[in-house]
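Every number here is computed from the coordinates shown, using simple stated rules; none is lab data. Keep in mind that this is a model prediction, so the values were computed, not measured. Here the Cβ positions follow ideal geometry from the backbone for every residue, glycine too, while neighbour counts run over all protein chains shown.
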Amino acid sequence: MLYAMRSGCERWLAERGIEQWGVGEVSVDEIAAQVCRGEWFVGVAASHVVVGALRYLATDEDVWPDIPSGAARFVHGLMVDRRTAVAGTGAALLAWAEARATTDGIGVMRLDCVESNHRLRDFYRGLGYVEVGRHDFDGQWFSATLFEKCLAPPSD
């Protein structure tokens, strides 16, 4: 299900000329390994249909190598199923991740996107994320814009 959703998102992006994920970039085996590590979380509608998913990570050494473990939480692979999701699904998934981080006692959420994906960058800014840098992958992948958001402490 996650692989099929990811593949659908990859095709949708490619059809629109958006450089975010390459078609076939992530294999079934990679996603299965991420699931086994407990990284994936899905959003489910009231009708019990999966509408989106994201990876919620305690570390991200590939994109944020200088951040010590436990200093933040990281979101990767945010995706919505365009066949079943409604407007606001992506924002709701991120709000869930932010609430989980706050519950975990973490005050910072971090994520990234391909630098040329201006629409996604605007989406993240609209949700209160601030651009804090850039990460280059030495030609192995597109440059990424780094975002973070300071989270409010949990209320009693």
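A DSSP coil position with no more than 15 other Cβ atoms inside 10 Å describes the following trypsin sites (Lys or Arg not before Pro) in segment 1-68: ARG16, ARG37.
If you take all C-alpha pairs in segment 47-156, what percent of them are over 26 Å apart?
In whole percent, the share of Cα-Cα pairs in segment 47-156 beyond 26 Å is 19.
Among VAL80, VAL114, VAL132, the largest mean-square fluctuation in a Gaussian network model of the chain, built with springs joining Cα atoms closer than 10 Å, belongs to VAL132. A simple rule links phi to the HN-Hα coupling: the Karplus curve 6.51 cos²θ - 1.76 cosθ + 1.60 with θ = phi - 60°, which for segment 32-44 gives 4, 5, 5, 4, 4, 7, x, 8, 8, 9, 10, x, 10 Hz, with x for Gly and Pro.
Per residue, the convex hull around the alpha carbon atoms of segment 2-106 comes to 114 Å³.
The fewest-to-most ranking of SER27, SER7 by surrounding Cβ atoms within 10 Å reads SER27, SER7. With helices as the sole contributors, the chain gives -9500 deg cm²/dmol at 222 nm; each DSSP H run of n ≥ 4 counts as -39500 (n - 2.57), and the sum is divided by every residue. Amide H contacts of LEU78: ARG55, each under 5 Å away and 5 or more positions distant or on a separate chain (H built 1.01 Å from N in the peptide plane; Pro and chain starts excluded). With θ taken as phi - 60° and the Karplus curve 6.51 cos²θ - 1.76 cosθ + 1.60 applied, the whole-hertz 3J(HN,Hα) list for segment 75-90 is 10, 9, x, 4, 8, 10, 8, 5, 7, 10, 7, 10, 4, x, 5, x Hz, x standing for glycine and proline.
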